[in-house]
Amino acid sequence: MEKIPTYKLTRELPSNSKKVKTINGIDLYNINTFQNIMSWNQHNLNTTALEYFGNKITYGQLPKVVAEYAKGFDSLGIKKDSVVTMSMPVSNEYILSLFATCNLGVISNNVNFLFLRNDLARYTLKKNSHTLIILDVYLPLIVDKIRNANIKNVILTSLNDYLPEEQKTYFNDLSKLPSKIREVLKDKDQLSACIKEIRNLKNVNFIKMSEIIKAGKDNRNEVIYPKVDIEKDSIYSYTSGTTGAPKCIVFSEQSPNAIIEMHKGLNLRDFVGERSLVVIPPSHATGMFYAIFLQMAKGKTLVLQPIYDKRTFATDLRDFNINHTLSAASFYLEAVAQNNIKPGELSSLSRPCSGGEPITKSNVYLINDWLKRAGCKEKIAIGGGSGEVGSSALTSYELNPETKTNETGYPIPGVFVKIVDPITGKEVKKGERGIIHISSAASANRYLNNKKATDNYYYYDENGIRWADLGDIAIQNEDDSYSMLGRSSDSYVDENGQTKYLFDIEYSLSLEDPIIEWEITAFKTDYGKYDVVGQVVLKNEFIGKEDEVIKYLCEKYNLDGIKIYDSFEVSEVTGKRDYQLLKNDYDSYYFPNDNFTFVKKKYSKSGKTSSGIVNINEIKTKTKKLVR
């Protein structure tokens, strides 16, 4: 059968739909996100929409299944404008719950379970949310806090619910799960004890998702869905918290709708029915809008995997015969380090994508070389833009494939970009650095109950165009593409009062250098000055030569010291390299001293430092081979 390019999909809008507004040249209709997705798939009903370990739901079956969820929620009294908190990994239940709440006019409150564990009341009670849908294995982390969060309904889902019968024991192997979940499941009696405790709580309705689905199936009455208002609050999402306490981002229905409309007609060299591996959960705007809603509007098959396991990323691409995926750059770099894919095994992969964090040219070369050896004929596509502007505001799809490296890319339709001098507020010239400002048809409405943060982030210009100040340093390149370089906070002021951007050093990393990836950090010292150090992951062939690597990097990049890691930790909130962890990792930095010894230095948050002399052999015992 001939493949249909996604930009040639035939659309059928609902008969009562009409254009209600235009933002940045993008027409928006009085339909919700699920209706929008289905309008592109009316001639694509036999294609699988969701696949979870072999269990499949087609686009033709999707409306019926979503209606069953909606009727189940309705039976619990969940009505228009209710706030339903969802804390699940990438799963059928999550996506179907999103569509059901969307049809009901309910606000979905999408929270990473680590946030819930730290402060359940903040994410439920303060959001006026009385219903919590949560993965059962997260329950032990919050069970003692449910009583004080004014939760009325606790709906439990399970990783096994949608598994085919022959795979019901799949998750008995805990190595297949993220580390935080493995920690919980080590004590198999813990979950049973938590469920028993909740059942004894008064005024809490404890129910399994399977019972919700059954209630929906048994209900023969049609749910009367409310009239769609695309300006109504629809989705709560959260910033990653890397710059402080996470802020609640409020999206109206027009934002995910706009993401779909903004990609209408774009030839991105992808095809209907392609298999898209989803590793970023819907609790992140990028995962929800780009990896799920947009791909489904293109008629893709979403292959769903539990949250963030970069150890199996490469083998999942191979074993699930994946064509498209979006993941953090750290996933690809882990695949490069493991190097456990044979030549040609990823020949089906036609659209490897990354976004959410800047990436060095050397890393792009490493990743593209790995992709080529694995059989992928396309280079990695990079995107950028904050969740508040609907994510994926800039993409490198249209860059020259022969010359592109780590440029973030061009704006998609409906996105305006300018680079602004942080002092004067005026636009800078092409090639000059400044703060990137973006106007997007998919921008969020506001930060919930935080007018100050909203006013600091969004503003209107003299033409009535709404802009967002991302706070990131960027430049416009000679080919009119843009490069997002890094956080403006990723800097320090030296003794001469000059601002030094650490990403300048990071970007200068050469492909020939002995490390796979690095982070540059500045630590304040006793004398009020800063030590600039490299936190690095070695290429395998340089393990055992740590002393040479430290001397080489310090001399070449004018660094004070080096710390060597087996691999970088990935944040289980963002799926990206855990910058906060690295920024606060104060111990065991090695400074070249002479031919046989090094200075080992320890920093502190206050700036107090301590040091001592160590020999070469101590350094060589601190690393181990990366191949697993």
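Could you list all residues from the range 249-262 that are surrounded by 22 or more Cβ atoms within 10 Å (Cβ to Cβ) and assigned to a strand (DSSP E or B)? Of everything in the range 249-262, those that are surrounded by 22 or more Cβ atoms within 10 Å (Cβ to Cβ) and assigned to a strand (DSSP E or B) turn out to be 249, 251. Kindly check whether there is at least one residue in the range 526-543 that is under 16 Å from residue 614 (Cα atoms), over 28 Å from the mean Cα position of the chain (by Cα) and at pLDDT 90 or above. The answer is no, given that none of the residues of the range 526-543 is under 16 Å from residue 614 (Cα atoms), over 28 Å from the mean Cα position of the chain (by Cα) and at pLDDT 90 or above. Residues of the range 147-161 that are surrounded by fewer than 20 Cβ atoms within 10 Å (Cβ to Cβ) and at pLDDT below 85: 147, 148, 160, 161. Checking each residue in the range 235-247 for being at pLDDT below 95 and crowded, with 22+ Cβ neighbours inside 10 Å picks out only 238.
Can you find, within the range 90-121, the residue that is farthest from residue 294 (Cα to Cα) among those that are among the polar types (S, T, N, Q) and not in a helix (DSSP H, G or I)?
The extreme case among them is 112.
Of the residues making up the range 419-468, those that are among the basic types (Lys, Arg) and in a loop (DSSP other than H, G, I, E, B) number 4. Residues in the range 40-63 that are outside any strand (DSSP E or B) and either buried (at least 19 other Cβ atoms within 10 Å of the Cβ) or of a type in the set (Phe, Trp, Tyr) (or both): 40, 41, 44, 53, 59, 62. The residues listed here are 358, 343; of these, the one that is over 23 Å from residue 537 (Cα atoms) and in a loop (DSSP other than H, G, I, E, B) is 343.
Being outside the structural domain of residue 110 (by TED's automatic domain parsing), at pLDDT 85 or above and in a loop (DSSP other than H, G, I, E, B) is the requirement here; does residue 587 meet it?
yes
If you check 273, 265 for being surrounded by 17 or more Cβ atoms within 10 Å (Cβ to Cβ) and on the phi > 0 side of the Ramachandran plot, only one passes: 273. Is it the case, given these coordinates, that residue 506 is part of a loop (DSSP other than H, G, I, E, B) and of a type in the set (D, E, K, R)? Considered against the rule, which asks whether it is part of a loop (DSSP other than H, G, I, E, B) and of a type in the set (D, E, K, R), residue 506 comes out as no.
Taken over the range 458-502, the criterion of being aromatic (Phe, Trp, Tyr) and surrounded by fewer than 12 Cβ atoms within 10 Å (Cβ to Cβ) is satisfied by 460 alone. Residues in the range 263-301 that are of a type outside the set (S, T, N, Q) and in a strand (DSSP E or B): how many? Looking only at that region, the number is 4. Note on the range 53-65: residues that are more than 23 Å from residue 167 (Cβ to Cβ) and in contact with a Leu (Cβ under 6 Å, 6 or more places away or on another chain) total 2.
The values are calculated or read from the model by the stated rules, or taken from the named source; none is laboratory data. Since the structure is predicted, the reported quantities are computational estimates derived from the model, not experimental observations. So basically every Cβ, Gly included, is an ideal-geometry build from the backbone, and we count neighbours across all protein chains shown.
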